[in-house]
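Note sheet for the following structure.
The values are calculated or read from the model by the stated rules, or taken from the named source; none is laboratory data. All values derive from a computational prediction rather than experimental measurement. FYI the Cβ positions are ideal-geometry reconstructions off the backbone, even for glycines, and counts take in every protein chain you see. In case anyone asks, the SASA skips ligands and DNA or RNA and just uses the protein heavy atoms, side chains included. Shrake-Rupley method; radii C 1.70, N 1.55, O 1.52, S 1.80 Å.
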Amino acid sequence: MISVNRFKCAYCGACIGVCRFDANELIETWVEINDNCTMCMACVKVCPVGALEVVDEN
Amino acid sequence: MKTDYDVIVVGAGPGGSMAAKTAAKMGLDTLLIEKRQEIGTPVRCAEGVSKNELKDLIELDERWIAADIVGAKIYAPDGTELRMSEERAGSEVGYVLERKIFDRHLARLAAREGAEVIVKTRAFGLERSNGVATLKLMHQGEIFEVSAPIIIGADGVESKVGQWAGINTSLKLNEIESCVQYLMADIDIEPEYCHFYLGNKVAPGGYVWIFPKGEREANVGIGVLASRARRTAKEYLDEFVKRTFPQGSIVEIVVGGVPVKGPIERAVSDNVMLVGDAARHTDPITGGGILNAMKAGIYAGEVAAIAIERKDYSSKTLALYDEKWKATIGKTIGRNLLIKEKFVKFSDNELNKLAHSIAKYEVEEMSVRGLMTRLILKNPKLLWDLKDVFLKAR
């Protein structure tokens, strides 16, 4: 799954702009990712500060 | 907050506030909501605007002008300098704004016209039935429903209003610049010039900018095309800063995604209009979005008034808004999209050659058009396919 490193994230919203699956949202100052995520990686690639990463679900 | 309005504007950036201001001035019962607890922060912007265009839209106020700019210098990958200025005309051509103050000022103007403004209020759902739209809102943990026949989505690059309304605004990775900027203090700069650095090593598919905000202070930032970048925007910027301003202090970090998609097919749907970043109104070459968002906001406010008067909120009536922004904003961003698509393919060598071809001239018109006209005249072969598109579009 995709995980947001909240210490790196600057809540700019770029990751939401590139999501085609309505799988994330910027709620005030944090990003939430929901079950629509297909792991297409667009958000990981666009993040200006590298705050999004793939993590093992376990 | 009431339960019914004529217009609800989602997002209090420059586009949303101008939309609310315009709608309220035309007598519409207007609500402007902002999800953040402070309008204007955190900033997501390099803050540069053209002076002439800004003063056509709003009365200038020195409280939100950080610097006056007389010209720009563009650097090719090999360091060749291109200078653009209108000094001879005897006036500054641009401003670097203080967006935190600017955005609040615009929201205040909307309030002064009678719009109700509310912050820390997030829209999380949209339903439409019988000609009326209902937004689900959360304000400090409490849920409200508010209805209006017109919703203006000015909710930024992360727009949800567009998604809910079925308007296609999705951005592919070659349609968004990934950006980071540092506000740097105590650095040696030219306080009246904006600087731009081009090149596939420095900023693939984008550029590095230095926008002065005082004698020894500037926004130093970068945009890289997400599809072209091999590292994060931050890593590219850190490299530039380490080389150029090793002694400077970073007093603010700004991060953002800038759409460079060009005009979308439509920015309306029944009961809904999108403005600014939400409608991808940013310029694909410069990345500038403030003025386009403000203009779009004004158009949307005007069309809202027409729709209310006609009691027709269908996409057919709201298409008037599409006509308005496409005839103005749309033309320029369409043209600049073609230039962008050409330029992102150039190698550093080709960029150097282009710069050499016009390096000895000073470009007197400080605009994309001024620069491109000179470049096309000097490089008809390399820029052959832009020739018709560009010169005709004048």
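Might you check whether a residue that is of a type in the set (Ser, Thr, Tyr), in a strand (DSSP E or B) and crowded, with 17+ Cβ neighbours inside 10 Å occurs anywhere in region B:125-132? No: zero hits.
Remark: residue B:55 falls outside the filter, which requires a residue to be of a type in the set (Lys, Arg), closer than 27 Å to residue B:368 by Cβ and assigned to a strand (DSSP E or B).
Only a single criterion out of (1) within 14 Å of chain A (Cβ to nearest Cβ); (2) more than 25 Å from the chain's Cα centre (by Cα) is not satisfied by residue B:129, namely (1).
For region B:147-159, a residue qualifies if it is assigned to a loop (DSSP other than H, G, I, E, B) and in contact with a strand residue (DSSP E or B) (Cβ under 7 Å, 6 or more places away or on another chain), and the qualifying residues are B:149, B:154, B:155, B:157, B:158, B:159. Summed over region B:253-270, residues that are basic (Lys, Arg) and away from chain A (no Cβ under 14 Å) total 1. With a requirement of 2 or more residues that are without any contact (Cβ under 8 Å) to a residue 40 or more places away in the chain and more than 12 Å from chain A (Cβ to nearest Cβ), the strands (runs of 3 or more DSSP E) lying completely within region B:165-248 that satisfy it span B:207-214, B:217-225.
Residue count for region B:3-36 under the criterion of being part of a helix (DSSP H, G or I) and touching a helix residue (DSSP H, G or I) at 6+ places or on another chain (Cβ under 7 Å): the result is 11.
Here B:20, B:46 are screened, and the one residue that is open to solvent by less than 30 Å² (accessible area, probe 1.4 Å) and at pLDDT 95 or above is B:20. Selection of first residues in region B:283-310 that are open to solvent by 30 Å² or more (accessible area, probe 1.4 Å) and of second residues that are aromatic (Phe, Trp, Tyr), restricted to Cβ pairs under 8 Å at least 6 apart or on distinct chains, gives the following pairs, ordered by first then second residue: B:285/B:343; B:295/B:325; B:299/B:321; B:299/B:325. Mind listing just one residue for me: the one in region B:335-394 that is touching a strand residue (DSSP E or B) at 6+ places or on another chain (Cβ under 8 Å) and in a helix (DSSP H, G or I) and, of those, most open to solvent (accessible area, probe 1.4 Å)? By that ranking, first place goes to B:374. Only one of the numbered conditions (1) of a type outside the set (Val, Ile, Thr); (2) at pLDDT 95 or above; (3) buried (at least 23 other Cβ atoms within 10 Å of the Cβ); (4) touching a Gly at 6+ places or on another chain (Cβ under 8 Å) is not met by residue B:25, and that is (3). Restricting attention to region A:21-56, the residues being acidic (Asp, Glu), in a strand (DSSP E or B) and open to solvent by less than 50 Å² (accessible area, probe 1.4 Å) number 1.
If you go through region B:172-207 and keep only what is buried (at least 24 other Cβ atoms within 10 Å of the Cβ) and closer than 16 Å to residue A:17 by Cβ, you end up with B:176, B:177, B:178, B:179, B:180, B:206.
Kindly indicate whether any position in region B:4-25 is within 22 Å of residue B:257 (Cα to Cα) and acidic (Asp, Glu). No. Taking region A:1-20 as the range and being assigned to a loop (DSSP other than H, G, I, E, B) and surrounded by 14 or more Cβ atoms within 10 Å (Cβ to Cβ) as the test, the residues that pass are A:8, A:9, A:10, A:11, A:12, A:13, A:18, A:19, A:20.
Considering the conditions (1) modelled with pLDDT under 95; (2) within 30 Å of residue B:342 (Cα to Cα); (3) not aromatic (Phe, Trp, Tyr), residue B:157 is excluded by exactly one of them, (1).
Give the residues of region B:133-146 that are surrounded by fewer than 17 Cβ atoms within 10 Å (Cβ to Cβ) and either part of a strand (DSSP E or B) or in contact (Cβ under 8 Å) with a residue 40 or more places away in the chain (or both), sorted by residue number. Across region B:133-146, the qualifying residues are B:136, B:139, B:142, B:143, B:144, B:145.
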